[in-house]
Amino acid sequence: MRKSLLMVGAGLSGAVLARQLAEAGHDVTVLDTRSHVGGNCHTQRDPETGVLVHVYGPHIFHTDDAEVWDYINRFGRIRPYTHRVKTTSGGRVYTLPMNLHSINQFFDAAMPPAEARAFVAAKAVTLPYTPRNFEEQALSMLGHELYEAFFKGYTAKQWGCEPTELPAAILKRLPLRFTYDDNYFFHTYQGMPEDGYTPIIAAMLDHPCISLSLNTQFDRPLAQGFDHVFYSGPLDSWFGQDAGALGYRTLDFARLVHDGDYQGCAVMNYADAEIPYTRVTEHKYFAPWEHHARSVCYRETSRACGPGDIPYYPIRLAKDKALLTDYIARAHCETGVTFVGRLGTYRYLDMDVTIREALDCAALYLESLAHDRPMPAFAVAP
């Protein structure tokens, strides 16, 4: 029953799967094109300031899944951290998610919760049908003023298209609060790894049955000789993008170093359309237990993902969904491979969901072996 398995990608999906299956007694080879483990969760010390930097943008761990919380704490200490986000709109700074403070500040009022709820409801646009896109969803929730101040410009910059082209479901995930709670997340467990994510993922991969090969480009012939492949690379790349490339947004980061504090918070969004970047992240605020005389920040600008760029956010517009359907059908015809993770399933996944799906995928593989059943192309449908 001992199998030889290949994990393509040393991010969270590959690391969790590798660890689970190695602990079950299988031999696992992990490949990654980059020079480090951790994928987009990679963290490292900035050599100039000593600040622990989230190299590919900030990742905050938050979950209601106690098993996932216990699992990640096996491999490194997660310290308490409350994520708070600000946004600049029209030359003024507000709190996100939009809450009672934001609403009162924007309308120069001092409304209690019930009054504010009724006030915003009166501003909302009544549609004779279910909202069909992001803009209609926003207008039906917030009305024109709040939508245009906080969401319209930012959304166009982030996604590179008009909000009318985006699905309504994107906005449904954003909370609107009628309290002064400014914790960005609702989840029971929230924190940051004391030493960053990279040591945690390295610890997951530290097992005698796991071999790791970095700076290694995967191509299909490398899969030969393994009993099964778990592929966390882009789904379309498995097929050489021969039917076309799935759409992603990528990010450009402009680094800046500042003496003392730069902006006084971890994340400052910029909602105005005329400001080309979407946000500035000040990384020492992601480790509030540390103290640094200098600060390192990254200014993020979103753009279309081209060849050679790092894919961050799947766009999933109509043309992408049609192409995705084609690739999914072809993936189901493959044997000996399971597509996992945000790239392998073309979905935006939080870290806790990534870990949960990897744990479940490993369990499914072991169950399939035990009952002599083939492993499906997807443990979770894209």
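Each reported figure results from applying straightforward, stated rules to the coordinates on display, with no laboratory input. Everything numeric here is computed off the predicted structure, so don't read it as measured data. Ideal geometry is used to build each Cβ from the backbone, glycine not excepted, and the neighbour counts take in all protein chains shown.
See the values below:
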{"read-out": "Helix-derived mean residue ellipticity, 222 nm - over the chain, DSSP H n ≥ 4, -39500 (n - 2.57), to 500", "value": "-8000 deg cm²/dmol"}
{"read-out": "Anisotropy class of segment 130-239 from Cα gyration tensor, a/c 1.5 cut", "value": "oblate"}
{"read-out": "Cα pair distances of segment 2-85 binned at 10 Å [whole percent]", "value": "15, 38, 34, 12, 1"}
{"read-out": "Alpha carbon Rg of segment 96-172, scaled by the compact-globule rule 2.2 N^0.38 Å", "value": "1.12"}
{"read-out": "Three-way shape call for the chain based on the alpha-carbon gyration tensor, with the a/c threshold at 1.5", "value": "prolate"}
{"read-out": "For segment 242-382: Kirkwood Rh in Å [reciprocal of mean 1/r, alpha carbons]", "value": "18.3 Å"}
{"read-out": "Prolate/oblate/rounded call for segment 298-343, Cα gyration tensor, a/c under 1.5 rounded", "value": "prolate"}
{"read-out": "The chain, dipole about Cα centre (Lys/Arg Cβ +1, Asp/Glu Cβ -1), debye to the nearest 20", "value": "280 debye"}
{"read-out": "Interchain or long-range residues, amide H under 5 Å from Arg316's placed H", "value": "Gly247"}
{"read-out": "Total formal charge among the other residues, if their Cβ is under 15 angstrom from that of Glu148, Lys/Arg +1 and Asp/Glu -1", "value": "-2"}
{"read-out": "Lys pairs, the chain - Cα-Cα below 24 angstrom, 8 or more residues apart or on other chains", "value": "15"}
{"read-out": "Only Lys, Arg (+1) and Asp, Glu (-1) charged, at Cβ; segment 96-172 dipole about Cα centre in debye", "value": "180 debye"}
{"read-out": "Of Leu142, Gly153, Thr130, farthest towards positive along the dipole that unit charges on Lys, Arg, Asp, Glu beta carbons give segment 74-160", "value": "Gly153"}
{"read-out": "Centre separation in Å (Cα based) which lies between segment 364-382 and segment 257-323", "value": "37 Å"}
